[in-house]
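So the structure is just underneath, and the comments pick up after that.
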Amino acid sequence: MAFEIVATGHYVPANRVTNDDLARTIDTSDEWIRSHTGIGSRHVAAENEASSDLAFQAALNALEQLSPGNPMEAAQTIDLVVVGTSSPDYYGFPSCACIVQDKLKLEKIGAFDVVAACSGFVYSLDAAAGMLRHGRKRALVIGTDVLTKITDWSDRGTCVLFGDAAGAAILDKTDAPEEGPGRRGIIRSILGSEGAGAQELMCERGGTRNPYKAGETLDKGIVLSMNGQAVYNFAVRAFTDTIQDLLDLEGLSVDDVKKIIPHQANMRIIRAAARRLKIPEDKFFMNIEKYANTSNATIPVALDEYARSGDLQRGDLIMTVGFGGGLTYAGNLMVW
Ligand code: ACO
């Protein structure tokens, strides 16, 4: 039995905001943002768009591959919905996954969110594969975020980094071998966490530790804060180690891997890791220039763009690698 991605999709909101657009409202420049991050623009959700709306569109885009012209019909074959998100429509409940389940008119299936920041999609894939082992056949796995609604737009150290998007994958339990010659699907995952670094990237207000109190006046919205340098150092280390560990555990070399689909947080993180691992930069599929850091969505959006590029063939070995708030890190090794 193997756990294989059989379709992918993505969605970005219509409103594209360039670095030059940002430079009109805050003290920054296209040159600074590009040279420090590799970001050229980002898409920003509309006032009436929340994470589940993006997730639903990404799901339809993936389902369209299974049933062209009738994605809602293909949806009826799903028996599990797992959504990685750090910006759900509502605090605590309902989960984003339940809202997506309802939008897809699904009934009597499990649906839940995974909270692992930018590693969330990688965690979600592994969670879904584990749950498919027990009876279920097909999972819809989504990474979605609207971080621009929890971003401090006066903080140039963070607001230039993020964008909104969703990516989706349909994960099937198939009869292909999971091990040995001809193996397919997810062959190994690494999931990691370093909660000691929790304060380096967090949404400090709004939760039960520090709730909003009726009548309280906030000087800014409930927004994320980040120690950029600390996260950068963690990211390079965790990213490098995850790639190396996945290869070592399977007795593989980087030459065996066709493409690495990394979390798109900063081009400089990828370059630093590529130098350390002596991997050519073009081994990484990058689209940060267009979308910026869309948190849970970066990996599935990139995976979808790569899958549709025509370069990804059945039998290719690829790797996803994520890192983010928590702090968390994770990677999947899979044969397409
Ligand atoms: N425009 C212009 N200048 C800026 C900007 C900006 N947008 N932001 C910061 N600066 C200035 C600073 O004020 C500072 O000026 P000073 O030297 O006069 O004090 C200077 O640029 C350098 O600032 P640094 O913070 O040292 O810049 P750095 O090179 O470290 O880059 C960055 C900052 C891009 C945030 C980097 O630290 C980084 O990428 N960190 C990792 C972030 C990350 O990956 N986060 C995502 C995790 S994923 C998740 O879970 C959401």
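Some points to look at:
- Taking a ≥ b ≥ c as the square roots of the Cα gyration tensor eigenvalues, segment 96-149 comes out oblate, since a/c reaches at least 1.5 and a/b does not exceed b/c.
- Exposure rank, largest accessible area first [Thr77, Thr28, Thr37; 1.4 Å]: Thr77, Thr28, Thr37
- Tyr212 accessible area, 1.4 Å probe, all protein chains in place, Å² to nearest 10: 110 Å²
- Asp20-Arg314 FRET efficiency (beta carbon distance; Förster radius 41 Å; 0.05 resolution): 0.45
- For segment 212-282, a Kirkwood radius taken over Cα pairs fed into Stokes-Einstein (20 °C, viscosity 1.002 mPa s) yields D = 145 µm²/s.
- Accessible surface for segment 160-215, divided over its residues, is 52 Å² per residue with a 1.4 Å probe.
- In terms of its Cα atoms, segment 1-79 spans 51, 32, 20 Å along the principal axes, sorted from long to short.
- Carbon plus sulfur fraction of accessible area for the chain, probe 1.4 Å, in percent: 49 percent
- Annotation: lysines with alpha-carbon distance below 20 angstrom to Lys137 (same-chain offsets under eight excluded): Lys105, Lys108, Lys173.
- Within segment 220-336: Cβ-based charge dipole about Cα centre, in debye rounded to nearest 20 (Lys, Arg +1; Asp, Glu -1): 440 debye
- Residues listed by number, segment 179-211, amide nitrogen under 19 Å from Asn227 label point at 7 Å toward C-beta: 193-205
- Computing FRET efficiency as 1/(1 + (r/R0)^6) for Glu204 and Asp248, where r is the C-beta to C-beta distance and R0 is 41 Å, gives about 0.65.
- Selection of chymotrypsin sites (Phe, Trp or Tyr not before Pro), segment 30-102, meeting DSSP coil and at most 15 other Cβ within 10 Å: Tyr90, Tyr91
- In this calculation the C-beta distance from Ala176 to Trp153 is compared with R0 = 56 Å, giving a FRET efficiency of 0.75.
- Theoretical ellipticity at 222 nm over the chain - DSSP helices of four or more residues, -39500 (n - 2.57) apiece, nearest 500: -9500 deg cm²/dmol
- Computed lengthening from Asp282 to Phe93, 0.36 nm per intervening residue step minus Cα-Cα distance: 64.0 nm
- Residues Phe284, Phe93, ordered by accessible area of protein heavy atoms at a 1.4 angstrom probe radius and largest first, appear as Phe93, Phe284.
- Solvent accessible area, Å² - Lys290, 1.4 Å probe, full protein context: 90 Å²
- Accessible area per residue (1.4 Å probe, heavy atoms of protein chains only) ranks His134, His36 as His134, His36, with the largest value leading.
- For segment 217-336, the relative contact order is 31 percent, taking Cα pairs closer than 8 Å that sit 6 or more residues apart in sequence and dividing their mean separation by the residue count.
- Dipole in debye (nearest 20) - the chain, about Cα centre, beta carbon charges: Lys, Arg +1; Asp, Glu -1: 300 debye
- Alpha-carbon Debye profile of the chain, log10 I(q)/I(0) at 0.10, 0.12, 0.14 Å⁻¹: -0.54, -0.79, -1.09
- Cβ-based net charge around Thr151, under 12 Å, with every Lys or Arg adding one and every Asp or Glu removing one: 0
The values are calculated or read from the model by the stated rules, or taken from the named source; none is laboratory data. It should be emphasised that the depicted structure is a prediction, and the values quoted were computed from it without experimental measurement. Here the Cβ is made from the backbone with ideal geometry for all residues, glycine too, and neighbour counts use every protein chain on show. Note: accessible area is taken over every heavy atom of the protein model, side chains too, but ligands, DNA and RNA are not part of it. Shrake-Rupley method; radii C 1.70, N 1.55, O 1.52, S 1.80 Å.
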